[in-house]
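Presented below is the structure to which this report refers.
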Amino acid sequence: KKYSAVGEMTEFAKAYAGAMSQIAGHRVIVTDRDKIIAIAGGLKKDLMEKKITKQLETVMEERYGVDSKKTGKIIEVAEGVSLEVRQQIIYPIICDSDVAGAVIIFDQENSLSDTENKIAGVAAAFLGKQIGGWNWKLGEKSRLYAKFLDKSGKNIYKYGYGYWTEKKQPKVIMY
């Protein structure tokens, strides 16, 4: 199984996809290299964790955005799932020159414009930059996005600067 830097940021990706869908008014999917990790815009919850298709993997590996309006081709996103799509825009999430996932915005009425194309591109670039905090070296200061448990066991997500103190069971000192 491939390591998923995007998967480490699932909650953040969900929030970002939700905001993106709300602003753009379209459906949004965020994937890591293996599966769907975030959905927004009225998509069924059973799409979560679905394995992505080989077609999508190929598009991601090409490392550039794809608009079906220009290519005339719809890429199936999840194995065994057919979505009603007339137009889609796919941008790979690139982190430190590695493909980490994809942002997909799609529409059932072929109405995605250059604005949505740019929104998807910005989302992919932003997520790639955020994931960069997961590429770490011991003792090296870096921007971090970390999940902590509070005393009641509730997950708390924090951004900040800090460094990793151990390699096997990473501990983070944030300041």
- Note on the structure: Any residue on another chain or 5+ positions along whose placed amide H is under 5 Å from the amide H of ALA40 is listed here as VAL28
- Task: Arrange the residues TYR64, TYR16 by how much accessible surface each exposes, largest first, with a 1.4 angstrom probe.
- Result: TYR64, TYR16
- Anything over 18 Å Cα to Cα? Flag those among LYS45/LYS129; LYS50/LYS129; LYS14/LYS35; LYS69/LYS118, in the order listed. LYS45/LYS129; LYS50/LYS129
- Item | Estimated FRET transfer efficiency (GLU61, GLN22; beta-carbon r; R0 25 Å; 0.05) | 0.25
- How about the stretch 23-66: which GluC sites (Glu not before Pro) there are in a DSSP loop, with at most 14 other Cβ atoms within 10 Å of their Cβ? GLU49
- Item | Rounded to whole Hz, the Karplus (6.51, -1.76, 1.60) HN-Hα couplings of the stretch 33-41, x for glycine and proline | 7, 10, 8, 6, 10, 8, 9, 7, x
- Item | Calculated FRET efficiency for the pair LEU47/THR71, C-beta based, R₀ 25 Å, to 0.05 | 0.60
- Short version: ³J(HN,Hα) in whole Hz for each residue of the stretch 16-29, in order, from phi by Karplus 6.51 cos²θ - 1.76 cosθ + 1.60 (θ = phi - 60°), x for Gly and Pro, what are they? 5, 4, x, 5, 4, 5, 5, 6, 7, x, 10, 7, 9, 10
- Which ³J(HN,Hα) values, rounded to whole Hz and listed in residue order, are derived for the stretch 63-71 from phi using the Karplus coefficients 6.51, -1.76 and 1.60 in 6.51 cos²θ - 1.76 cosθ + 1.60 with θ = phi - 60°, glycine and proline given as x? 6, 9, x, 10, 10, 5, 5, 8, 8
- Query: What net charge is computed for the residues neighbouring ARG27, neighbours being all others with C-beta under 12 Å from the C-beta of ARG27, Lys and Arg scored +1, Asp and Glu -1?
  - Reply: -2
- Item | Additional length obtainable on full extension of the chain from ASP96 to SER152, 0.36 nm per residue less Cα span | 16.6 nm
- Query: With every protein chain left in place, what is the accessible area of THR71 in Å² (1.4 Å probe, nearest 10)?
  - Reply: 80
- Normalised by the number of residues in the stretch 1-132, what is the relative contact order in percent for Cα pairs under 8 Å and 6+ residues apart? 23
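The values are calculated or read from the model by the stated rules, or taken from the named source; none is laboratory data. Just so it is clear, the structure is predicted and the values come from calculations on it, not from any experiment. Because the Cβ atoms are built from the backbone with ideal geometry, glycine has one as well, and the counts that use them run over all protein chains shown. Note: areas computed on protein heavy atoms with side chains; ligands, DNA, RNA excluded. Shrake-Rupley method; radii C 1.70, N 1.55, O 1.52, S 1.80 Å.
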